[in-house]
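The block underneath contains the structure these notes are about, expressed in structure tokens.
The values are calculated or read from the model by the stated rules, or taken from the named source; none is laboratory data. Note that the structure is a prediction, hence the values are computed from the model and not measured. Counting neighbours? That spans all protein chains shown, and the Cβs are built from the backbone with ideal geometry, glycine included. Just so you know, the surface numbers come from the protein's heavy atoms only, side chains and all, with ligands and any DNA or RNA stripped out. Shrake-Rupley method; radii C 1.70, N 1.55, O 1.52, S 1.80 Å.
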Amino acid sequence: MKLELRGLTKKFGDFTAVDHVDLTMTNGVYGLLGVNGAGKTTLMRMMCTLLRPTHGYVLCNGKDIFEMDSRYRKLLGYLPQEFGYYPEFTVKDYLLYIASLKGIRSSVAKKRVKELIEKVGLSQAANKKMKKLSGGMKRRAGIAQAMLNDPKILILDEPTAGLDPNERIRFRNLISELSEERLVLLSTHIVSDVEYIANEIWLMKDGAIVHKGTAEELIASMPEKVWECYVERCMVSSLMNKYKISNMKAEADGALLRIISREMPSADAQLVEASLEDVFLYYFGEKAGEDDAAF
């Protein structure tokens, strides 16, 4: 399976939501990382044929997805940020209903629903009403509905939004398992969602892809260094105004700061190994500013 984005652009009036994106994907997990409003959802909606691009195109194995129409959608599974469901339906009934909308034969649907309920860990909740599920369970039901047609392309928009840390770990493990023999694109603003499972990560800002590569390549490419230093309480505000601070740990008389900077920020600052979170802050973060620098 191969997806190609060529000059993909989407404008809403004078506003450019996605700006000339060129990307190529094959089987594996791809992470689309950026802050809210970066254009991730608009990009994914075009890839799902829900929005037509203003310019450019998406190719699936060399064919335009809009010309392929239903043939493309048969290959596709999609989990939007907010997916609709009837709250009175049980998990099983909901999935059977979605299967019927997708044109899956009843005998096939029953078998597929049973398999997916087990795969996403909802066996104990199969007869529970959707409105009674926790946030994590609802997202798992969402994954199951996206997988009903055994898609070769799985697109997930902010799938871990609102989940607790344990549910996020479970979800990442599930995505990693589902990525075998298919192409998975996962958008998020949470670094840990993609750090360990994505074969390639794309950093999206203001509608454009500003950098891409493996987690290791992105870390190695960051032009600034990462420092740690302990500073007195009175120095925190000025350093936060001058530098990007990726972490701050308050202590009795001051704070331990993690600072992104080309230069050594203080005489006793120690150079430390950069992380993907540091990369995220470098591209998307801002200095705290006077109003936010209080300590």
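Brief remarks follow.
- Amide H partners (placed H, <5 Å) of N149, local residues excluded: none
- Among the GluC sites (Glu not before Pro) in the stretch 237-284, those located in a DSSP loop and surrounded by at most 15 other Cβ atoms within 10 Å of their own Cβ are E251, E263, E273.
- For a modelled paramagnetic label at E251, 7 Å from Cα along Cα-to-Cβ, the residues of the stretch 211-232 in reach, with backbone nitrogen under 18 Å, are 227-232.
- Within a Gaussian network of the chain (alpha carbon springs, distance under 10 Å), most fluctuating of G103, G135, G13: G13
- Counting lysine pairs in the stretch 141-268 whose alpha carbons fall under 26 angstrom apart, excluding pairs fewer than 8 residues apart on the same chain, gives 9.
- Relative contact order, percent, the chain [alpha-carbon distance under 8 Å, six or more residues apart]: 20
- The distance between label points at D268 and D69 comes to 7.1 nm (points 7 Å beyond Cα on the Cα→Cβ vector).
- Gain upon complete extension [S221, S176; 0.36 nm per residue less C-alpha separation]: 13.6 nm
- Acute angle (nearest 10 degrees) that the helix 106-119 long axis makes with the longest principal axis of the chain, alpha-carbon atoms: 30
- Within the chain, DSSP assigns beta bridges of which about 65% are antiparallel (rounded to the nearest 5).
- Binning the alpha carbon pair distances of the chain at 5 angstrom intervals from zero yields the distribution 1, 5, 11, 13, 15, 14, 12, 10, 7, 5, 4, 2, 1, 0, 0, expressed in whole percent.
- Three-way shape call for the stretch 64-184 based on the alpha-carbon gyration tensor, with the a/c threshold at 1.5: oblate
- Using the Cβ-Cβ distance between M235 and N36 with R0 set to 30 Å, the FRET efficiency works out to roughly 0.40.
- In straight-distance terms, cross-link reach from K129 covers every one of the lysines whose alpha-carbon lies under 27 Å from its own, apart from those fewer than eight places away in the same chain; here that gives K92, K102, K110, K111, K114, K119, K138.
- Computed accessible area, K110, all protein chains, 1.4 angstrom probe, square angstrom: 130
- At an R0 of 30 angstrom, the distance between the Cβ atoms of N199 and Q124 translates into a FRET efficiency of 0.35.
- Accessible area per residue, Å², the stretch 34-133 with all protein chains present, probe 1.4 Å: 57
- Of L163, L256, L174, the one that fluctuates the most in a GNM where the chain has Cα springs shorter than 10 Å: L256
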